[in-house]
Amino acid sequence: MILNSYAKLNLFLSVLNLRRDNYHNLDTIFERIDLCDRIKLTPLKNKEIKIISNSSQIPKDSSNFAYRAAKLLQDTFLLDNGVKIEILKRIPVGSGMGGGSSNAATVLIGLNKLWKLNLSKARLAELAGKIGSDAAFFIYNCPFALGQSRGEKITPLKKLNKLRLYHVLVVPKISVSTPMIYRQWDRLVLGKKKNKSRLTMPKANVKILTSVLLKKDLILLGKLLYNGLEPVTRKVFPKLSQIRNKFKELGMKSYLMSGSGPTFFGIVSSEEEAMSLYTRFRQDKNLQVFVAKTRC
Ligand code: C5P
């Protein structure tokens, strides 16, 4: 069985508060994009879970998200089935595009069929949420969704089902630790919030953003895209501000950092425009650059 494991972007990410379990409550809009890994699942006769990948950057042991997904199914349903999981990595690792969470969700979806478990989407999403906060989104097979709670409570944004956005993705060679960025958020934003001032505030809510997305008004959209983690990640890695400035210099209207970074993405009106920006950003050899579109 061969499956695509898609990446995500966050078009909106508002961190609401720190929880008792040290996670943060969020309001976020996920977009599924066509940049993807390929995952091949082959049944094994013994209980073994074996990870193989072209990437040296992902672990091959029990800490791998795809491994954890298979193990969670084995443990929850007391199964003796094993599986070889081959991961062809194309989504940059630790980039803010949810590659690990997507791999976990894809393995859950695949093994549900391969091992004939007959689990519902809701049950698969619940299991996915145990592995990563972003993993549940990929279970729902929808292009856009609202994520709440830790990000694992998913409501598909059905009104946006036909919307297709074009992107240029710019990934600097910086390794960003998500827990560290959230800890810095606690220090820089939560600390300040007590004094009633924040680094940035969202100018829109999910409802407004949904209607602006439907109109494809890129100028207005650019003013409303929001990621509360972006100023934090830029403070920790000041070089990221240069990338942001480059988007502005190139005349782009809509751009944002995804997740905890370091990927920056632009929203443009056509594949041609995305390709021309790709060529401009590629001149900098320190950047990985992709074109992508919504995976409808
Ligand atoms: O769930 P995930 O593995 O993506 O989270 C990685 C880390 O990011 C968590 O251990 C936590 O420190 C932080 N996080 C958070 N609040 C969220 C999601 C992640 O604090 N909603």
Subject >> Which numbered condition G98 misses (of (1) without any contact (Cβ under 8 Å) to a residue 12 or more places away in the chain; (2) within 13 Å of the ligand (Cβ to nearest atom)) >> reply: (1)
**OP:** Look at T28 and say whether it is hydroxyl-bearing (S, T, Y), open to solvent by 20 Å² or more (accessible area, probe 1.4 Å), at pLDDT 95 or above and out of contact with any Pro (no Cβ under 7 Å at 6 or more places or on another chain).
**Re:** no
Original post:
Would you say F138 is closer than 19 Å to S258 by Cα and away from the ligand (no atom under 16 Å from the Cβ)?
Top reply: no
Subject >> Failed item in (1) open to solvent by less than 20 Å² (accessible area, probe 1.4 Å); (2) away from the ligand (no atom under 16 Å from the Cβ); (3) outside any loop (DSSP other than H, G, I, E, B), with A69 passing the rest >> reply: (2)
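One line per residue, one yes/no per condition, for (1) among the aromatic types (F, W, Y); (2) open to solvent by 10 Å² or more (accessible area, probe 1.4 Å); (3) farther than 30 Å from D186 by Cβ:
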{"position": "T233", "(1), (2), (3)": "no, no, no"}
{"position": "R244", "(1), (2), (3)": "no, yes, no"}
{"position": "M252", "(1), (2), (3)": "no, yes, yes"}
{"position": "G259", "(1), (2), (3)": "no, no, no"}
{"position": "Q288", "(1), (2), (3)": "no, yes, no"}
{"position": "C296", "(1), (2), (3)": "no, yes, yes"}
**OP:** Give the residues of the range 4-24 that are open to solvent by less than 40 Å² (accessible area, probe 1.4 Å) and either more than 26 Å from G110 (Cβ to Cβ) or over 16 Å from the mean Cα position of the chain (by Cα) (or both), sorted by residue number.
**Re:** L11, F12, L13, S14, V15, H24
**OP:** Keeping to the range 107-134, report how many residues are of a type in the set (A, V, I, L, M, F, W, C), more than 23 Å from L163 (Cβ to Cβ) and open to solvent by less than 20 Å² (accessible area, probe 1.4 Å).
**Re:** 7
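The values are calculated or read from the model by the stated rules, or taken from the named source; none is laboratory data. Owing to the predicted nature of the structure, the values given are computational and were not obtained by experimental measurement. We place every Cβ from the backbone using ideal geometry, glycine too, and count neighbours over all the protein chains shown. Ligands, DNA and RNA are stripped out before the accessible areas are found, and what is left, the full protein with its side chains, is counted by its heavy atoms. Shrake-Rupley method; radii C 1.70, N 1.55, O 1.52, S 1.80 Å.
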